Amino acid sequence: MTLQTMLLVAAALFSVGLYGAISQQVVVMVMMGLELMLNGVILAAAAFWWFLSPTPDGQVLLLVVITAMTVEMAMGFAVATLLHRSRQSDMTDMATDLSR
Amino acid sequence: MDLRSLAARRTAVLAVEVPGWGRTRCALEQHVRTRGWRLADSPADADLLVVCGRPGARLTAAVEHVWGQLPGPRARAEVTTAEAVPAALDRATAELADGAAQRRDADGRPAEPDPGTTATATGDDGDGDGDMDMDMDMDMDDDSGDMDHGDMDHGDMDHGDMDHGDMDHGDMDMDMPMPGGIGLAGGGGDDQLADPDSLDLDVLHVPLGPVLPHWPAGLLLHTTLQGDLVVAARAEVLLPADGSPTDPPVHGTAAGRWDAVATLLALAGWDDAAVRAARVRDELLAGGQPPEADRLARRITRSRLLRWSLRGLGRLPEGDAHDRLRHWLAGTEQRRSTELSAVADLVTGLDLASARLVVASLDLDTADRVTVPVEAGS
Amino acid sequence: MTVTEVSAGWVPLAAALLLAVAAAAASLEGALAARSAGQPLGSGLLTPVAETARLFGQRRRTTVAADLPLQRIGIAGLLTAALLMVAVVPFGRWTVADLTVGVVWFNAMDVLVWAAVWLAGWGPNSAHALVGGYRFLAQALSYELPLMFALTAPAVAAGSLRLGDVVAAQSGLWFVVWMPVAFAVFCAAVAGFSVWGPLGAPAGATTAGGVLVEAAGVDRWLLSAGRYALLTAGAAFGATAFLGGGHGPLLPAWLWLLVKTAALLAVLVALRRRLPVIRPEQLAAPAWLVALPLVLLQVLVVSVVVVVQA
Amino acid sequence: MLTGIVFWVLAVVAVAAGVAVFRADSMARATYALAASFIAVGLVLLLVDLEFLGVITVLMMTMEMAVMGIYMIMFMGMNPALMPMDMVHGKRPALAVAIGTFVVLAAGALLVPWPTRRGAPAADLVTSLGEAIMESKMLVMMTVSPVLFATIVAALVLALPRGRYDRLGDDLRAGKAPR
């Protein structure tokens, strides 16, 4: 277990998540992609923390990432519910008129 | 003590009451209790299937269906009088303990898995073919349009190519893209209550009864569930075969009231009080005058938690579920026959648990033979 | 009293001990049930053994279109979570895993139960089981937050998340004395994650056994044993975090813990006989409007006491 | 040595479960695959002595995925049957972008000359974390808490315009409105 291997795993997680976030049509599936990306970020942050500078500050950063994840989830659920209620759909493609 | 006799100490019995044979079922419950056995919650839980009474054709089909869901080792018995219960139970126990017979039974069973929703499965939904008890009522009309993703013609949307064309209710062949022949839950149609959460959850058609513990004999309630909310219901009673029970009816007597108390309390999850109420009932049936009845009645009436969970359920002009329970306990119940239509109407809009409590609180006398199916929610 | 971590070879013994205490709880439940059925108390004592013999001789069932892998994970999950919970509980001078974050670990394991119960309900593709699974989550959302704050109270008082320190901090006074609200909420939550008593709606009679409805044979045994094991693990943790753990006169510490666990467990089992099941939708309001503020107040009181003492 | 093996097992589980999220054929499986991925990462955090954060990750993510499972099924309309599903748009470009990202990140991880470790972890990491967020990094905590609170309020406002009992009163049947 070295910094490089941990970063490689983190990169793999991030890329898989990115693939999902770009390709999925359903809002909740996109959220799962984002979650997976953040999962990679957590792992990378932990690797940096352990192998480069094991100070308390690094832990705080990780805590913030985890918080960001929950915020993202909560808002994602809320928006998905709202979308679902208002237009009976949960497809990102069908929500494009939001941008018009 | 070998394992089999040890296991027999906890034999679980699934009782099926045919309308009119309440007395037999009470006797069965009493014998189960005095032997230290217990009543099963569902077919999967049961070792023994005991039919109390002579079921009619549709009820027989339902019993057969449930019989197929007992995991085995299993045995079944049919009793029609209270006196016949001990002998029938002894025979069934011997059959359970007969290893060779059980192995033969297991070998003879089909290998494919049983359908789900077992506690409620009826095997027969009135349309005669009865091979798939999941109502394939899939509301495929495009204007209602919330058969999720099914009717969306997206370019590369490869959703298991649902072909509306060969969606045939009659013969469900297994090459459909639906595993086990069970369709996706459909979206709500026009015939139902609008989803109170306006989330348009999937709709499931779940028949409640006729073989269901703590449930009126022979009652079959076709429910449409959205989430766990009953959005439409239709009630009917599956009839017994010709020939009436020889035992006097329990319903309408003091014992019948305690039977209703026991049923309601068992559903409310208060096992201790439920079992004690059943004991009072059995002593009354035996002609005794149980001294502990008053104390138990006071204890049940005093329970705040019970009052809290029953308050406001199944409101009728004369009171709610808890009022009716108090009347049973005080022995001041007015005789009144609840129409089946009223049952369907009362449970519509409730969640499954409340619906079950409401049905139990009505203390239906299905032996009255109200046979016309009645609908609510349409 | 310091807590030492034993080698992994002791894990089977810890598991056997957990199962033994859980079986004792099931015996007590059987005896009490026999008494209400008008049978001699002793006739119910063999219930767990008889039930085990019955279920091990029974065939397993599979249902049409069941999600078997998920179902199996869920069914095995309860017992696993219970074992992982007791792993951090100091048994006298020994513990299986001396985590610095034992309290949080316990909390994380009880959240694993969310997944396990829901999966056990989802797997069989049966309406009643599924409703049972959903009910558990609905109920869990009610009890989990009060439980988290209830667990905070002893941690704050001990100034540590390590269970050994929590026990050491109770050498003078048991925490239950000055944090009764946290203890009460904790006990309710134990009933919640064990699907027990008043919070047993996910496996209740209104859904013909809920998550248990399709389970037969070994599957049903695992689920039932898992529920008792979770109850036992909860009682063991409660005895550790609130009832002073191994502290007590005369007897050795491990025996004290066993006695306290058994006592708390017996109370939980006996309570089930006295109370009906609460409907899950009715639980949310009191949990969030009464229990949560009260337990927050409890944490505040504990924090003030700790600051003043320091 | 043992740590290395455990790490690789967990790494494989994390990535494989991550891939399974988008390849699974039922919503429940996808959700719980993601949960498995998170649990594996949480356990990796335990390996590098981040006990508190590792356990917290397991705790929060299991809870979140349990709730997420409900959303998945609620919005996607799947019964427990395993439906083959493939609801993607622009699969190829997405794949290309993802692989490109991985190559860049991996190259970065392997080629950048990382500095050597500065400092050593505190003896009690949990305490040091607590002291950090309550002393030197207090500002972070003070920002995070209102953000979390705002999230709760905002999410509720968005998702719950009116509950079922608000609109219909206690008698839900009154909602039998024409559609």
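Do you know which of the residues in region C:34-56 that are facing chain B (nearest Cβ under 7 Å) and touching a residue at least 40 places away in the same chain (Cβ under 8 Å) is farthest from C:Trp122 (Cα to Cα)?
C:Ser36
Checking the condition more than 7 Å from every other protein chain (Cβ to nearest Cβ) and free of Cβ contacts under 8 Å to residues at least 40 places away in the same chain, which residue from A:Leu36, A:Leu61 passes? Lay out the reasoning, then the answer.
Working: A:Leu36 fails: more than 7 Å from every other protein chain (Cβ to nearest Cβ).
Only one candidate passes the filter, namely A:Leu61.
Which one of C:Met148, C:Met179 is away from chain B (no Cβ under 14 Å) and surrounded by fewer than 24 Cβ atoms within 10 Å (Cβ to Cβ)?
Answer to the check: C:Met148.
Taking only region A:36-54 into account, find how many residues are surrounded by 20 or more Cβ atoms within 10 Å (Cβ to Cβ) and touching a Pro at 6+ places or on another chain (Cβ under 7 Å).
Number satisfying all stated conditions: 1.
List every residue pair whose Cβ atoms lie under 7 Å apart, where the two residues are 6 or more positions apart in sequence or sit on different chains, the first residue falls within region B:87-98 and is more than 15 Å from B:Leu49 (Cβ to Cβ), and the second residue, located anywhere, is assigned to a helix (DSSP H, G or I).
Listed pairs, sorted by first residue: B:Ala97/B:Arg4; B:Ala97/B:Ala8.
Please pick out the residue among D:Leu95, D:Leu129, D:Leu105 that is under 18 Å from A:Leu7 (Cα atoms) and in a helix (DSSP H, G or I).
Answer to the selection: D:Leu105.
For chain A, which helices (runs of 4 or more DSSP H) that fit wholly inside it have 3 or more residues that are at pLDDT 80 or above and among the hydroxyl-bearing types (Ser, Thr, Tyr)?
Of the helices (runs of 4 or more DSSP H) lying wholly inside chain A, those with at least 3 residues that are at pLDDT 80 or above and among the hydroxyl-bearing types (Ser, Thr, Tyr) span A:3-23.
Quick test for you: out of A:Thr67, A:Thr5, pick the one residue that is in contact with a helix residue (DSSP H, G or I) (Cβ under 8 Å, 6 or more places away or on another chain) and either more than 7 Å from chain D (Cβ to nearest Cβ) or on the phi > 0 side of the Ramachandran plot (or both).
A:Thr5
Return yes or no: is C:Gly77 within 18 Å of the chain's Cα centre (by Cα), touching a residue at least 12 places away in the same chain (Cβ under 8 Å), part of a helix (DSSP H, G or I) and within 11 Å of chain B (Cβ to nearest Cβ)?
So C:Gly77 does not fit the description; no.
Here is a yes/no grid of residues against (1) within 11 Å of chain B (Cβ to nearest Cβ); (2) crowded, with 16+ Cβ neighbours inside 10 Å; (3) within 30 Å of C:Thr62 (Cβ to Cβ):
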{"position": "C:Leu231", "(1), (2), (3)": "no, yes, yes"}
{"position": "C:Gly234", "(1), (2), (3)": "no, yes, no"}
{"position": "C:His247", "(1), (2), (3)": "no, yes, no"}
{"position": "C:Leu258", "(1), (2), (3)": "no, yes, no"}
{"position": "C:Ala263", "(1), (2), (3)": "no, no, no"}
{"position": "C:Ile278", "(1), (2), (3)": "yes, yes, no"}
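What single numbered condition from (1) buried (at least 18 other Cβ atoms within 10 Å of the Cβ); (2) more than 14 Å from chain B (Cβ to nearest Cβ); (3) of a type outside the set (Ser, Thr, Tyr) fails to hold for C:Glu5?
So C:Glu5 meets the others, but not (1).
What do you reckon, is C:Leu84 farther than 30 Å from C:Gly248 by Cβ, touching a helix residue (DSSP H, G or I) at 6+ places or on another chain (Cβ under 8 Å) and at pLDDT 85 or above?
No; evaluated as a whole, the condition is false for this residue.
Scan region A:39-50 and tell me whether some residue there is in contact with a strand residue (DSSP E or B) (Cβ under 9 Å, 6 or more places away or on another chain) and either closer than 23 Å to D:Ile152 by Cα or more than 7 Å from every other protein chain (Cβ to nearest Cβ) (or both).
Within region A:39-50, the first condition is being in contact with a strand residue (DSSP E or B) (Cβ under 9 Å, 6 or more places away or on another chain), and the residues that meet it are none.
Checking region A:39-50: not a single residue is in contact with a strand residue (DSSP E or B) (Cβ under 9 Å, 6 or more places away or on another chain) and either closer than 23 Å to D:Ile152 by Cα or more than 7 Å from every other protein chain (Cβ to nearest Cβ) (or both).
Just name the residue that is surrounded by the fewest Cβ atoms within 10 Å (Cβ to Cβ) out of those in region B:227-252 that are charged (D, E, K, R) and more than 23 Å from B:Leu346 (Cβ to Cβ). Spell out the reasoning first.
Going through region B:227-252, the residues charged (D, E, K, R) turn out to be B:228, B:234, B:236, B:242, B:247.
Now drop any that are not more than 23 Å from B:Leu346 (Cβ to Cβ), which leaves B:242, B:247.
On the way: B:Asp242: 7, B:Asp247: 20.
Looking at residues that are charged (D, E, K, R) and more than 23 Å from B:Leu346 (Cβ to Cβ), I get B:Asp242.
Is it the case that region C:9-24 has a residue that's more than 21 Å from C:Leu222 (Cα to Cα) and assigned to a helix (DSSP H, G or I)?
Here is the first cut: in region C:9-24, the residues more than 21 Å from C:Leu222 (Cα to Cα) are C:9-10.
Among the residues that remain, those that are also assigned to a helix (DSSP H, G or I) are: C:9-10.
Checked region C:9-24: at least one residue is more than 21 Å from C:Leu222 (Cα to Cα) and assigned to a helix (DSSP H, G or I).
The values are calculated or read from the model by the stated rules, or taken from the named source; none is laboratory data. None of the values given here were measured: they were computed from a predicted structure. For neighbour counting, all protein chains shown are included, and Cβ atoms are generated from backbone atoms with ideal geometry for every residue, glycine included.
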